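The block underneath contains the structure these notes are about, expressed in structure tokens.
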Amino acid sequence: MSIIADDNDFKTATEKKEKNPVIKPEEIEADRNFENSIRPKTFDTYIGQSGIKDTLKITIQAAKKRNLPLDHLLFYGPPGLGKTTLAGVIAEEMGVDIKITSAPALERPRDIIGILMSLKEGEILFIDEIHRLNRVTEEILYPAMEDFYLDMTTGKSQTVKTLRVPLPKFTLIGATTKAGELSGPLRDRFGIIHRLEFYSDDELAQVIERTAGILEIEIDESGAYAIAKRSRGTPRIANRLVKRVSDYALVKHNGKITESIANISLDILKIDEYGLDTTDRNLLKLIVEKYDGGPVGIETIAAAIGEDVRTIEDVCEPFLLQAGLLQRTPRGRKVSPEGYRHLGYKISVSDQQSLF
Ligand code: ADE
């Protein structure tokens, strides 16, 4: 697998330095080597997403029988659920190389042209954050995806000539957290589209035990479950928490992660039993205390808690919505009765009426 560039390489210094606490699912630089070292390489070792895995296995077998590359694939869903990992598994199962890049790295036409021309027959090109492709790059991709050629122009004004350059048959795997922001023509060129789901506690506990095994960390089943429950359905968070809890277990105990060690150390990290951190709780509290439970607009929330709108939309909200603590309405965000209970607020009769 070759990583050409990814979004981290294109973030400003300020963006890189931004606080990125342990439970935020976006990839940070420190994750990269760690994640590569524990990434499952085959379907047998990839835990969860069983529906997607089952259909992909059939698709791969059919492509192999026909001796053709796979159809272009689009994975969407919240960050940290294993879109890149799944692309790597597909490449391994197809027995082909994968080139990994990210839309913000494909700024100029020559960026995408260079990559497309370097591909070999059957190889996989993985583009992360594909909703962020610029229009020119997207238009270069259309004929490349559909008919495997590039239209290149040479010469100037009156002498301009178009050269049709054939490309090897490749598979594009796109990944996005925002499928709704993909243009129609690009979305239509993907033959297979899958939405990745949050993981169950059972699945996360298995991910945690597997990671602990690779890192030679001792953990018992209840310790793995304790971490799983606070990992917001997200393997990337679970894997980070294993390391943090393991540090605590080593310094304060005999190194073994048990349920009580996990709970104490996660309490110290201020990650509650739903996996919410201080920012998430502040967001919910703000809506309850200052806006009577909502609805309130996202810009107002962002300004009041000092986060940017994108972080709230991409990082905090998907899990708060999925956990049923927050609701999205046409007039803004509302805290659900479950959200009130989780924060320890009593719900009055009038609150109840307005909340339901
Ligand atoms: N690490 C991160 N995601 C994983 C998964 N789905 N299965 C196993 N280990 C993982």
* Asked: If you take the residues in segment 218-241 that are within 14 Å of the ligand (Cβ to nearest atom) and among the β-branched types (V, I, T), which one is nearest to the chain's Cα centre (by Cα)?
  -> T234
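Which one is farthest from the ligand (Cβ to nearest atom) among residues in segment 191-205 that are in a helix (DSSP H, G or I) and either open to solvent by 10 Å² or more (accessible area, probe 1.4 Å) or touching a His at 6+ places or on another chain (Cβ under 8 Å) (or both)?
In the first step, residues of segment 191-205 are kept if they are in a helix (DSSP H, G or I); the result is 201-205.
Next, from what is left, pick out any that are either open to solvent by 10 Å² or more (accessible area, probe 1.4 Å) or touching a His at 6+ places or on another chain (Cβ under 8 Å) (or both): 201-203.
Working: D201: 14, D202: 12, E203: 8 Å.
Taking the candidates together, the pick is D201.
Just name the residue that is surrounded by the fewest Cβ atoms within 10 Å (Cβ to Cβ) out of those in segment 71-106 that are within 14 Å of the ligand (Cβ to nearest atom) and of a type in the set (S, T, Y). Break it down into steps so the answer makes sense when it comes.
Within segment 71-106, the subset within 14 Å of the ligand (Cβ to nearest atom) is 75, 77-90, 92.
Keeping just the survivors that are of a type in the set (S, T, Y) gives 84-85.
Values: T84: 23, T85: 19.
My answer is T85.
Quick one: is D247 among the acidic types (D, E), out of contact with any helix residue (DSSP H, G or I) (no Cβ under 7 Å at 6 or more places or on another chain) and in the same structural domain as Q206 (by TED's automatic domain parsing)?
Numbers: among the acidic types (D, E): yes; out of contact with any helix residue (DSSP H, G or I) (no Cβ under 7 Å at 6 or more places or on another chain): yes; in the same structural domain as Q206 (by TED's automatic domain parsing): yes.
For D247, the condition - among the acidic types (D, E), out of contact with any helix residue (DSSP H, G or I) (no Cβ under 7 Å at 6 or more places or on another chain) and in the same structural domain as Q206 (by TED's automatic domain parsing) - is met.
I need the full set of residues from segment 50-70 which are of a type in the set (D, E, K, R) and open to solvent by 40 Å² or more (accessible area, probe 1.4 Å), in order please.
Pass one, segment 50-70, residues of a type in the set (D, E, K, R): 53-54, 57, 64-66.
Those that are of a type in the set (D, E, K, R) and open to solvent by 40 Å² or more (accessible area, probe 1.4 Å): D54, K57, K64, K65, R66.
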* To do: From I38, I47, grab the single residue that is near the ligand (Cβ under 9 Å from one of its atoms), in the same structural domain as E27 (by TED's automatic domain parsing) and either open to solvent by 60 Å² or more (accessible area, probe 1.4 Å) or at pLDDT below 95 (or both).
  => I38
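The values are calculated or read from the model by the stated rules, or taken from the named source; none is laboratory data. Not measured: the values here are computed from a predicted model. Here the Cβ is made from the backbone with ideal geometry for all residues, glycine too, and neighbour counts use every protein chain on show. Heavy atoms of the whole protein, side chains included, go into the accessibility calculation; ligands, DNA and RNA do not. Shrake-Rupley method; radii C 1.70, N 1.55, O 1.52, S 1.80 Å.
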